[in-house]
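**Q** Dropping a structure here in structure tokens format, bear with me for questions.
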Amino acid sequence: MPRISKQAQLQQQFVDTTQSTLLIAETYLKKFHNNIDEAVEQYYKDSEKDSEYDISKFDKKLLKLYQIYQDPSDYGKINIEGTMKYLQDLGIEPEDLESLTLAYLLDSNKIGIFEQVNFLKFWSHYKINDIKKMYSFIKKIHQQIINQDITKVWLIKKNEEEEINFKDVYEYTFSGLLEGDNQNKLDYELSIDYWKLLIPVLINKHNQKFNKSIKDQINIRLNQWYEFLENDYKQSISRDKWNMFYLFVQDIIIPDPINLSEYDEMAAWPTIMDEYILYLRDNELLK
Amino acid sequence: MAALPPSADFKKTWNFVQPGLDFILGTNDEQEGVTAVMYMSCYTAIYNYCINKSRSVSLIPSIIGGNRSSDSNNSYVLPGAELYNKLDKYLTKVLKDVLSEKHDNLLEFYVKKWTRYTIGARYLSNVFEYMNRHWVQKERQDGRRDVYDVNTLCLMKWREEVFKPNEKQLIGQVLELIKKQRDNEIVDTYLISTAVKSLVFLGIDVQDLKKPNLVVYINSFEKKFLTETTEYYQKESSDFLAKNNVVDYMQKCETRLNEEVLRSNNFLEEHTKKHLLETLNKSLIEDHAQEMHDYFISLIKQNELDHILRMYKLLSRVPKCLDPLALSLENYIIQQADEKFKELKSESEKLVEDQSKVKSKPKRGVTNVDTKTYIHTLIAHHDKYQGVVFKAFANDPKFIKALDNASRHFVNKNIIASPTERSKCRTPELLAKYADTFLKKGGKDVDTMDMTADNLMIVFKFLNDKDQFENYYRRQLAKRLITDTSKSEELEESLLQRLQVENSSEYTSKMTRMFADMKTSADLKSNIRDFGPVKDFNPLILAQNMWPFDYKEEYNLKVAPQLEEQFNKVLEYHDNKYNGRQLKWLWHHGRAELKANLSKKSQKFTFIVSNPQLMILMAFNEKSSYTFEELHEIVGGSKNVFEMHLQPFVTYKLLIQTPEGESAMGKEDTSFKIVEDYKSKKLRVNFVGAIKSIETKEEEDEINKEVDETRKNFLSACIVRIMKSRKTIKHNDLVNEVLPQTVSRFQARVIDVKKAIDYLIDKDYMKRLENNTYQYIS
């Protein structure tokens, strides 16, 4: 008899009972620490709430589209290869910000992977079932997010329309980049890559308020931040630091990039910000 | 003396008594006193008048006292109104006459007349005693506040007729006299005191005649007196300081203060004393505190403790003036300490240069100062100023605090302890070394005689990083304990006790546990003494985490078969006694002595060896030659460790290595053969000293790591405790609550607290809210 882990057995049992997918089984079992009775009970409760999640009820064309990208070994999700193809078909480069917006909208647990249920629910909600319309939809929402203060979007998790802004996408990015459950910090190199992608949007939101030379100053400070991380700090980035950096850029760097006069060492900034300021002073980059 | 007048006739009665009254008040020309007969007849006439009237009035109440007709239920009206009014008018006339008398000096005249008048007034009051007691009292009881007993009436009349019209001139003359006295002229102080006293008598509370009242004294005299005093001394002190130095000025102040207190005691009311002193303190001391403060530094430089005491006593009259002085002292002590340590640094550097002409420059900034000299310099500096605080500041708490602050500063921050701004303070390390020097065996008594626990405790009190001291001290204590090099158990324990009292039992808990382990191990030793070949077998069982020792995997030796039984006995004994605890051998600590029979002259050698060396030599009891690989296999441990401990045997020619050479040593098939005839001048050979140690630098890193870790835990625990009770708290409040809690251990910086906060946020113990606020996550 092949050795099957206890986890896998429970998942199979869950699927057999509920006729759902392995992915759902995994999610619910995790939530209830492998207590299968509670997990199943909760699953039924949830299913009553959104009874529309029955694959057969979805638009056939949408289902067909999904099947192009689904993971051949687990129909419950689109794996990284599927995602690459999906993005290619949409005409989005993986390193485009649109891919983050898409991952955020489809509530992807991990960037690069889409869950079947989220894919179907989201596009059904907007009654979209072909790739071209998907692209123009994403493009439209994305432009709103990066240009406006607030955008209204239907969120899978909430099952209703919510007002969101760019900061939500920014904070989601951290979660989407974490590998597995035990990781709670990002390597600073990876963080820097994504900051380079995300922070310019934040700056552009303030674009009208300042001229080019100030914009250059802001970029100098940002580059100093990256240098500080690479040469001096060299530690991984926690969620707190990630989230607070957004505020640091918005409240400290953008208002006065030359003197950073809004910075108050008595305020509650994480120490990484204090150390950055110290680094600037030590290297005579800041008065 | 004429016969008494008819008691019912007021006019006759008054005419009868008036000449007597003149005598009593001394207003007749004869200037004589009243005779007893005259006094008695006046008294009787008035008495009769009052008695008679009261009787007749009670018979025909409707005739008199018309203003009280409503009061008909009141059985009678006392007579007296007519008499009282007449007396009032009479007194007015008498006093107007007095004033019209010719006089040269108002004050002298006033005092003379006052003295006579007040005597008369008291007699007069007695003459009218019956009226006082009946009519006056009744009137006052009925609420009339403008009727007084006769003595008071006399004073009131004096106040209106004599004092009021002349007040300004009179008070002016009194103050003039006081000024003359201040200018050291001789004046008639009787005039001052009588005039001033008269003002007290003239203060009458119409509501309650018996209550003393200083209203006239205060308004007419005291206020002006205080103003003049201020003006006088403002001028005098400025003039004086312009021409004299501060010490002379202080002496002048003392004299002036004494004089004024004396004057105040002699003829001023107690009420004035407090205000007078305030006035004097302001114009003599507070207004010139700056000059005194400025002079303080030159006084202390010349060690003029008497003058400083004088300054302290003067300034302490105005307590707020002491604060800048205490601050000056604090800064001065720090600045002197800076100079002293700079001197010490250059002296020691010179000494080092002299001793070794070789120009090997020490690390930049770091000076190796003799520990004892350093610690004793700290103490000497502290003691010197403790003497100053005692002698010149009467041990005033403010100055004790200034000394404490300064000591805390120079103990933790001086050019020797921390050569650069950011370098870590070495005082905890040096203080622990100081302790080790006098606690361990082997030092010369001459050197350690003056090194005491008292000294240690003085410096300890001021250490910021007490946790670091604990770490160094504990490591050295551990070495003393396991190598049995402690000079006296009693001394060790008493010092531990003192550290515990000064800080906390938590602070010394690890060391206390170490002593307990030593005692338990002594029991163990006596129980397993008789098993096996090793004499004086002394295994120690030490609790992990309490002792600064770690198990080292590279020292996993294999016990030689001959010793196995004895070593196993330890485990067996231990397991029986303490079930569930795991023992690990720390082979890198401990020493062994071997007796060796390796001489043809039948000399018996004693070899002092490490544990790996012990196992190596034991193997040669079986066989006289091994390859490297064989021997390593028997002894165990990592290759490096094995090689390190093998080396000294080759160096000291106890083992013959073939092929020779350092590079061949660690090769698998290099062979080692034990000599049969060992040659050595000494019978005791120490092979331990020659082991190339690589562990010295590690220890400091280890200490820093341990201290950092403990601090982080301490801060986190602190924060969690606060968050638990407060639920949400502002960042600054949290920092301000945490910092004081660390003082007994170390001086936490804000950044340390923030790092602990970062850590707790990452671990989901708390989270950020808006506005620099944190929330506890339970």
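**Q** So, in region B:576-597, of the ones that are part of a loop (DSSP other than H, G, I, E, B) and open to solvent by 100 Å² or more (accessible area, probe 1.4 Å), which residue ends up farthest from B:K692 (Cα to Cα)?
**A** B:N579
**Q** Spot the failing condition for B:E698; the list is (1) away from chain A (no Cβ under 13 Å); (2) surrounded by 12 or more Cβ atoms within 10 Å (Cβ to Cβ); (3) in a helix (DSSP H, G or I), and only one is missed.
**A** The one condition B:E698 does not meet is (2).
**Q** Determine the pairs where a residue that is more than 13 Å from chain B (Cβ to nearest Cβ), located within region A:241-252, has a partner that is open to solvent by 10 Å² or more (accessible area, probe 1.4 Å) with Cβ atoms under 6 Å apart, the partner being 6 or more residues away or on another chain.
**A** A:I252/A:E262; A:I252/A:Y263
**Q** Does region B:492-501 contain any residue that is of a type in the set (G, A, S), buried (at least 19 other Cβ atoms within 10 Å of the Cβ) and in contact with a helix residue (DSSP H, G or I) (Cβ under 9 Å, 6 or more places away or on another chain)?
**A** Within region B:492-501 (the criterion being of a type in the set (G, A, S), buried (at least 19 other Cβ atoms within 10 Å of the Cβ) and in contact with a helix residue (DSSP H, G or I) (Cβ under 9 Å, 6 or more places away or on another chain)), the answer is no, since none of the residues qualifies.
**Q** Also, I was wondering about something else. Residues B:K86, B:K96, B:K113: which one is over 20 Å from B:K210 (Cα atoms) and loosely packed, with under 14 Cβ neighbours inside 10 Å?
**A** B:K96
**Q** Kindly indicate whether A:G180 is open to solvent by less than 20 Å² (accessible area, probe 1.4 Å) and closer than 22 Å to A:G112 by Cα.
**A** Here the answer is no, as A:G180 does not meet what is asked.
**Q** Would you pick out the residues in region A:153-186 that are away from chain B (no Cβ under 14 Å), in contact with a Lys or Arg (Cβ under 9 Å, 6 or more places away or on another chain) and of a type in the set (S, T, N, Q)?
**A** A:N159, A:S175
**Q** How many residues, within region B:142-156, are open to solvent by 30 Å² or more (accessible area, probe 1.4 Å) and assigned to a helix (DSSP H, G or I)?
**A** 1
**Q** Show me the strands (runs of 3 or more DSSP E) found entirely inside region B:725-778 where at least 3 residues are of a type in the set (S, T, Y).
**A** Correct list: B:773-776.
**Q** Taking A:E189 as the residue in question, decide whether it is within 14 Å of chain B (Cβ to nearest Cβ), open to solvent by 20 Å² or more (accessible area, probe 1.4 Å), modelled with pLDDT of 90 or more and closer than 24 Å to A:D96 by Cβ.
**A** Considered against the rule, which asks whether it is within 14 Å of chain B (Cβ to nearest Cβ), open to solvent by 20 Å² or more (accessible area, probe 1.4 Å), modelled with pLDDT of 90 or more and closer than 24 Å to A:D96 by Cβ, A:E189 comes out as no.
**Q** With respect to A:I237, determine if the residue is at pLDDT 90 or above, open to solvent by less than 30 Å² (accessible area, probe 1.4 Å) and within 14 Å of chain B (Cβ to nearest Cβ).
**A** It is true that A:I237 is at pLDDT 90 or above, open to solvent by less than 30 Å² (accessible area, probe 1.4 Å) and within 14 Å of chain B (Cβ to nearest Cβ).
**Q** A follow-up question, please. With the requirement that a residue be among the aromatic types (F, W, Y) and open to solvent by 20 Å² or more (accessible area, probe 1.4 Å), what does region B:234-286 give you?
**A** Of everything in region B:234-286, those that are among the aromatic types (F, W, Y) and open to solvent by 20 Å² or more (accessible area, probe 1.4 Å) turn out to be B:F240, B:F267.
**Q** Which one of B:E160, B:E139 is loosely packed, with under 15 Cβ neighbours inside 10 Å and in a helix (DSSP H, G or I)?
**A** It is B:E160.
**Q** OK, next. Could you grab me the full set of residues in region A:55-70 that are open to solvent by 20 Å² or more (accessible area, probe 1.4 Å) and in contact with a Ser or Thr (Cβ under 8 Å, 6 or more places away or on another chain)?
**A** A:D59
**Q** Need the failing condition index for B:N395 against (1) assigned to a helix (DSSP H, G or I); (2) modelled with pLDDT of 90 or more, just the number.
**A** The failed condition is (1).
**Q** Return the residues of region B:721-778 that are aromatic (F, W, Y), open to solvent by 30 Å² or more (accessible area, probe 1.4 Å) and facing chain A (nearest Cβ under 10 Å); say none if nothing qualifies.
**A** Across region B:721-778, the qualifying residue is only B:Y759.
**Q** So how many residues does region B:685-695 have that are at pLDDT 85 or above and open to solvent by 50 Å² or more (accessible area, probe 1.4 Å)?
**A** Residues in region B:685-695 being at pLDDT 85 or above and open to solvent by 50 Å² or more (accessible area, probe 1.4 Å): 1 in total.
To keep it simple, each residue is scored yes or no on (1) assigned to a helix (DSSP H, G or I); (2) buried (at least 18 other Cβ atoms within 10 Å of the Cβ); (3) under 15 Å from the mean Cα position of the chain (by Cα).
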site	(1), (2), (3)
A:Y104	yes, yes, yes
A:D107	no, yes, yes
A:G112	no, yes, yes
A:N118	yes, yes, yes
A:F122	yes, yes, no
A:M134	yes, yes, no
A:F137	yes, no, no
A:K140	yes, no, no
A:I145	yes, yes, yes
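**Q** State the number of residues belonging to region B:69-96 that are over 23 Å from B:C50 (Cβ atoms) and at pLDDT below 85.
**A** Of the residues in that region, 1 qualify.
**Q** Something else about it: What tally of residues in region B:516-525 results from selecting those that are open to solvent by less than 60 Å² (accessible area, probe 1.4 Å), out of contact with any Leu (no Cβ under 7 Å at 6 or more places or on another chain) and without any contact (Cβ under 8 Å) to a residue 40 or more places away in the chain?
**A** 3
**Q** Next question. Could you list, in sequence order, the residues of region B:429-484 that are in contact with a Gly (Cβ under 9 Å, 6 or more places away or on another chain) and in a helix (DSSP H, G or I)?
**A** B:T437, B:I482
**Q** Moving on. Scan region B:548-561 and tell me whether some residue there is within 20 Å of B:D484 (Cβ to Cβ), surrounded by 13 or more Cβ atoms within 10 Å (Cβ to Cβ), in contact with a helix residue (DSSP H, G or I) (Cβ under 9 Å, 6 or more places away or on another chain) and not β-branched (V, I, T).
**A** Checked region B:548-561: at least one residue is within 20 Å of B:D484 (Cβ to Cβ), surrounded by 13 or more Cβ atoms within 10 Å (Cβ to Cβ), in contact with a helix residue (DSSP H, G or I) (Cβ under 9 Å, 6 or more places away or on another chain) and not β-branched (V, I, T).
**Q** Specify which of the listed residues (B:I634, B:I703) is touching a residue at least 12 places away in the same chain (Cβ under 8 Å), under 38 Å from the mean Cα position of the chain (by Cα), away from chain A (no Cβ under 14 Å) and farther than 30 Å from B:Q775 by Cα.
**A** Within the list B:I634, B:I703, the selection yields B:I703.
**Q** For the condition within 14 Å of another protein chain (Cβ to nearest Cβ), in a helix (DSSP H, G or I), closer than 20 Å to A:E171 by Cα and in contact with a Leu (Cβ under 9 Å, 6 or more places away or on another chain), what is the one hit in A:I203, A:I277, A:I272, A:I199?
**A** So the residue among A:I203, A:I277, A:I272, A:I199 that is within 14 Å of another protein chain (Cβ to nearest Cβ), in a helix (DSSP H, G or I), closer than 20 Å to A:E171 by Cα and in contact with a Leu (Cβ under 9 Å, 6 or more places away or on another chain) is A:I272.
The values are calculated or read from the model by the stated rules, or taken from the named source; none is laboratory data. As the structure is a prediction and not an experimental result, all values here were calculated from the model. Heads up, the Cβs are rebuilt from the backbone with ideal geometry, glycines too, and the neighbour counts pull from every protein chain shown. Just the protein is used for accessible areas: all its heavy atoms, side chains included, with ligands, DNA and RNA removed. Shrake-Rupley method; radii C 1.70, N 1.55, O 1.52, S 1.80 Å.
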